[in-house]
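The values are calculated or read from the model by the stated rules, or taken from the named source; none is laboratory data. Note that the structure is a prediction, hence the values are computed from the model and not measured. Using ideal geometry, Cβ is built from the backbone for each residue, glycine included, and neighbour counts are taken over all protein chains shown. Ligands, DNA and RNA are excluded from the accessible area calculation, which covers all protein heavy atoms including side chains. Shrake-Rupley method; radii C 1.70, N 1.55, O 1.52, S 1.80 Å.
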Amino acid sequence: MRSWPEVEAYLEHCKGVIIPLGSTEQHGPTGAIGTDALTAEAIALEVGRRTGVLVTPAQAFGMAEHHLGFAGTMSLQPATLLAVLHDLVLSLARHGFERVFVINGHGGNIATTRAAFAQAHGTAASRDLPVASKLRCRLSNWFMAGPVMREARDLYGDKEGHHATPSEIAVTLQLEPTLVRKQRPLPDPAPAGPIHGPEDFRRRHPHGRMGSHPSLATAEQGASLINTAASALSEELCRFLSET
Ligand code: NI
């Protein structure tokens, strides 16, 4: 937690900032609805501790239209998420932040986040913000970092799947021990398939999982994955901050 004078003082020596971006959506029959927000925030805070870079509060809602067939999912339409991210980047740019590093926990946010960055660059230029020419935005999907994907493959093989994956569930078990009680063996997962609307998603994937075996997850694996993700993303962030 910081006061505004602390943020102003921070800007005198660093122009970088991390925004954790999640989603609030079903994660299979045993995973927390808040999985993507929980994981993105925890990894962002760990990257912040390691690098000294400021971390904003998490944006816990993302683009999860295809998960709306399951209770508890709360989705922003792509245009809404685009507007939210655009406005957040512009707010930061106005105060002199030049490097915005979004740590994302949800694949459904990727296309919209990239569109928001493009829009933010255009707006910064058209408003003649002093940082406009130096503004850089980077999307980093923690679950797609090379070392994380290798570790997930070593741990779970093809049972990692694409949604409600054991790697993300493992991270939540480490962060929130009460979730361990919800875990139970599940039958073989539905195969991964295309993503259309929410009704089609529920028909293809009645559990909400996509090709994944979340019951393989343990808290110990989660601790290791957080460490692996924080290492990889801290390195990526440091390179990003030093880019011209
Ligand atoms: Ni997820």
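Values as computed for the structure displayed
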quantity	calculated
Residue, nearest to the ligand (Cβ to nearest atom), within the range 1-59, restricted to residues that are hydroxyl-bearing (Ser, Thr, Tyr) and under 23 Å from residue 214 (Cα atoms)	35
Conditions (1) touching a strand residue (DSSP E or B) at 6+ places or on another chain (Cβ under 6 Å); (2) open to solvent by 40 Å² or more (accessible area, probe 1.4 Å); number of the one not met by residue 144	(1)
Among the candidates 112, 123, residue that is over 30 Å from residue 70 (Cβ atoms), part of a helix (DSSP H, G or I) and among the β-branched types (Val, Ile, Thr)	123
Enumeration of residues in the range 159-179 that are away from the ligand (no atom under 13 Å from the Cβ) and either in contact (Cβ under 8 Å) with a residue 40 or more places away in the chain or of a type in the set (A, V, I, L, M, F, W, C) (or both)	159, 173, 174, 175, 176, 177, 179
Test: residue in the range 90-102 that is at pLDDT 95 or above, within 16 Å of the ligand (Cβ to nearest atom), within 11 Å of the chain's Cα centre (by Cα) and open to solvent by less than 40 Å² (accessible area, probe 1.4 Å)	yes
Test: residue 17 is of a type outside the set (Asp, Glu), at pLDDT 95 or above and part of a helix (DSSP H, G or I)	no
Unique match (being among the basic types (Lys, Arg), under 23 Å from residue 196 (Cα atoms), at pLDDT 95 or above and open to solvent by 30 Å² or more (accessible area, probe 1.4 Å)) among 114, 50	114
